[in-house]
Every structure is written in structure tokens, then in C-alpha cells.
Amino acid sequence: MRSDTQAQTLPRRAAVTPRPLERVRRLALWVQLLCVAGAAIVLIVPAQLWSRAEWLEKVARSYWVTDTDIPLQLDAASRAWGWAASCLPSAVLLFALWQVWCLFGAYRLGQVFTTEPVRRLRRLALALVVHAVAQPLAHTLSILALTLGNPAGQRQLVLGLGFDHFISLFIGLVIWGIAQVMQQAQAVAEENAEFI
């Protein structure tokens, strides 16, 4: 009698357990939702920062400007130039998020070992490598925008490279390597499909 009960419950449990592709689809949906949230943050936060002079001054004095005696130009034109400079890494991040969105969109459709995920991984890797360069450049241009109106000797041109820039470059190169491996796996899968 126990064996009959167990035999009857096994198919029910198997039906409740999601298939691996369903798990991937759910994960892909969550990642795509996070991409939308990330894109909103990338668009809203810099715009808010550069539109509020008091917040901008606090951030600039705490993190960007090394000499606290140097005055900052917080007029609308200086802030507009600084915001324009910050748009460079923001645009690169938006491109990276778009690649992640498309990558997981392909996964939701069951495209794992096809050309689409490989293409998206390569573009994501490229975006992260470009971001490693765009971020310090934008930082330099932002500080210049805030101090360009100062008298001679009180302008700042700062080029800083930090650990986060190295991490962006490193992760970009790792993802590029993964894309290369996936391309090889795709070629093997296509070759095996021809034999069947």
C-alpha cells in the first residue's frame, strides 16, 4: 500500500518541479527587470546630481576635488558641461544594460548556443572595457567643468584611475573570454547536429 501511495505522489512532485528551461526563463525575466531598474538609475541619478548645486558641491568636495580651497563654479553652464561629461559613461552603461537585456531575452527564447548570445556577450565585454576608459575621462572633464571659470592657478585637471576602473576592465576581458568559449561550443554543437 505504501508503494502505491509513493508511486502516485512521484508524478505529482515531478510535475511541480520546473524544467531547467523554465528556471532559465524566470531568471532571464528577473535579470531583464533589473536592467530596466538599472537603466532608470543611470538616467535619473546623474541628472539629479548635476541639477542640484548643493548636492553637487557636497559630492565634489568629498570625492572629486583634492584641494578644498579651490572654488567650484556651480552656475548652470558649468553644471551643464559637467552633466554632458557624465553622459559619456552613462551612455556606455546604457549600452551594456541593453546587451544584457538582449542576452537574457535570447535565453528566455531558449537560444543558448546560438550566435545571438555570443554577439551580445562580446558587445557587453566591449562596453565594460570602454567604460573603464570613459569613467576616468568623464571624471576629469567634470572637474574641469567645475573649475574652468576659476582664475589661473585655481583650475584643476585631475586624471584618476581607481580599482573600480580595473574591475570594469577585468570583467570585460573575462566576459570576452567567455564569449570566445561559447562561440567554440556553438561550433561544436552545430557540428554534432550535422552528424545526427
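Within the stretch 179-189, the set of residues being out of contact with any Phe, Trp or Tyr (no Cβ under 8 Å at 6 or more places or on another chain) and under 15 Å from residue 114 (Cβ atoms) comprises 179, 181, 183, 184, 187, 188.
Being surrounded by 18 or more Cβ atoms within 10 Å (Cβ to Cβ) and either of a type in the set (A, V, I, L, M) or not in a helix (DSSP H, G or I) (or both) is a property that does not hold for residue 43. Looking only at residues that are hydrophobic (A, V, I, L, M, F, W, C) and part of a loop (DSSP other than H, G, I, E, B) in the stretch 52-95, which one is farthest from residue 161 (Cα to Cα)? The extreme case among them is 74. Would it be correct to say that residue 13 is modelled with pLDDT under 85, loosely packed, with under 10 Cβ neighbours inside 10 Å and within 30 Å of residue 190 (Cβ to Cβ)? No; evaluated as a whole, the condition is false for this residue.
Basic (Lys, Arg) and over 17 Å from the mean Cα position of the chain (by Cα) - does that describe any residue in the stretch 121-133? No: zero hits. Filtering the stretch 23-72 to residues that are more than 21 Å from the chain's Cα centre (by Cα) and closer than 24 Å to residue 99 by Cβ leaves only 23.
Considering the stretch 124-155, and only residues there that are polar (S, T, N, Q) and surrounded by fewer than 16 Cβ atoms within 10 Å (Cβ to Cβ), the residue that is modelled with the highest pLDDT turns out to be 150.
The values are calculated or read from the model by the stated rules, or taken from the named source; none is laboratory data. The structure presented is a predicted model; accordingly, all values stated were derived computationally and were not measured. Reconstructed Cβ throughout: ideal geometry from the backbone, glycine too, with neighbour counts over all protein chains shown.
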